[in-house]
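Colleague: Structure below; questions to follow.
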Amino acid sequence: MTPAELRAQLEEDLAWRLDELRHLRNALLGARGPSDWPVSAMRTILVMQYAHLEGFAQNAFSLYVKAINDRQLKAKDLHPNLFACALTREFDGIRLGSGAETETDAEDGFLLRRAKRQVAFVDRMRSLAETILSIDADLAVSMEMNFGSDVLRRTLFRLGMPDTAVSRSHFTSLEFVRKARNDIAHGSRKERIEPGLFDAHRKKCEQFMNDLSRLISTAVDGEWYMVSAVV
């Protein structure tokens, strides 16, 4: 995937999402003034906005991972955060074990099994030094159906991007929409949302999507995924 192809896919995905949100606002709010916005309309828009925030972020970061995988880089050339990201399954193996327990596993005991997993991990690390790595996008950019500031910071870190590349105000707005969506889903938010607060966070979240698109493009253009990258 070329940088131009990446930008085109990001722009296409962003355009239809923003267009759908705009049509929804027009249909539910129409020409009413903020003081007349129905509670149900604002709740519906917030739930839809969360869906598009999570969907766009997952797609954008997945496209970034695909762009990295297309480079077919060796482990030694990858940014250390991305190298660690590519080893997610191995880390889980150390932490959780391999799954089904064999008769030998049962005889070994907990401490010996843990020691064996650690040695297996070291062997895997050595074998990967000169190997072309592929990052599993589903593991690397999992939104866990709860996309907010914490998940965003973790994803940025995993992919070797500084969280300072995202405006502080975006983190606040993402949390507002995430919490509002969760409260609506759980039936704990029934009161009217202050229209000014609703509109301010709505605009910030749409700006976040635009800024994320530019950030992904900048990271690919600047090869932030390389071990030698200075971000």
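A short reminder: the numbers here are calculations on the coordinates, not readings from a lab. Given the structure is predicted, the values throughout are model-derived calculations rather than measurements. Please note: Cβ atoms are built from the backbone with ideal geometry, for glycine as well, and neighbour counts cover all protein chains shown.
Colleague: Given that just one value was derived from the coordinates, which of (i) 67; (ii) 63; (iii) 58 is percent of Cα pairs over 21 Å apart?
Modeller: Step by step, percent of Cα pairs over 21 Å apart for this structure corresponds to label (ii).
Colleague: Over what distance in Å are the Cα centres of the range 48-73 and the range 178-221 separated?
Modeller: The range 48-73 and the range 178-221 have Cα centres separated by 17 Å.
Colleague: Now for a separate question. Report the charge-dipole magnitude of the range 163-231 in Debye, nearest 20, computed about the Cα centre from +1 at each Lys and Arg Cβ and -1 at each Asp and Glu Cβ. Numbers along the way, then the final one.
Modeller: Numbers: 11 positive and 10 negative charges, 81 e Å.
My answer is approximately 400 debye.
Colleague: Once R0 is set to 35 Å, what does the formula 1/(1 + (r/R0)^6) return for the Cβ-Cβ distance between Thr172 and Ile132, expressed as a FRET efficiency to the nearest 0.05?
Modeller: On the way: r = 40 Å, r/R0 = 1.14.
After rounding, the FRET efficiency stands at 0.30.
Colleague: Could you tell me which of Phe157, Thr2, Leu82 has its Cα farthest along the dipole of the chain towards the positive end, charges placed at Cβ (Lys, Arg +1; Asp, Glu -1), taken about the Cα centre?
Modeller: Phe157
Colleague: For the chain, set up a Gaussian network in which alpha carbons nearer than 10 Å are linked by springs, and say which option among Ser188, Ser134, Ser149 fluctuates the most.
Modeller: Ser188
Colleague: Whole-Hz Karplus ³J(HN,Hα) for the range 112-125, in order, using 6.51 cos²θ - 1.76 cosθ + 1.60 and θ = phi - 60°, x for Gly and Pro?
Modeller: These are the phi-based 3J(HN,Hα) values: 5, 4, 5, 4, 5, 5, 5, 5, 4, 5, 4, 4, 5, 4 Hz.
Colleague: Next up: Give the residue from Ser167, Val141, Ile193 lying farthest towards the positive end of the charge dipole for the range 137-224; charges sit on Cβ (+1 for Lys and Arg, -1 for Asp and Glu) and the dipole is referred to the Cα centre.
Modeller: Going by the charge dipole, the pick is Ile193.
Colleague: Show me, for the range 152-164, the HN-Hα J-couplings you get by feeding each phi into the Karplus relation (A = 6.51, B = -1.76, C = 1.60, θ = phi - 60°), rounded to Hz, glycine and proline as x.
Modeller: 5, 4, 4, 5, 4, 5, 4, 8, x, 10, x, 6, 5
Colleague: Can you list the residues, at least 5 places off or on another chain, whose amide H is less than 5 Å from the amide H of Leu78, using H built in the peptide plane?
Modeller: Hits under the 5 Å cutoff: Val227.
Colleague: Let me ask something else. What does the highest-first list of 55-64, 116-125 look like by mean Cβ count within 10 Å?
Modeller: Numbers: 55-64: 20.7, 116-125: 12.5.
Result, highest mean first: 55-64, 116-125.
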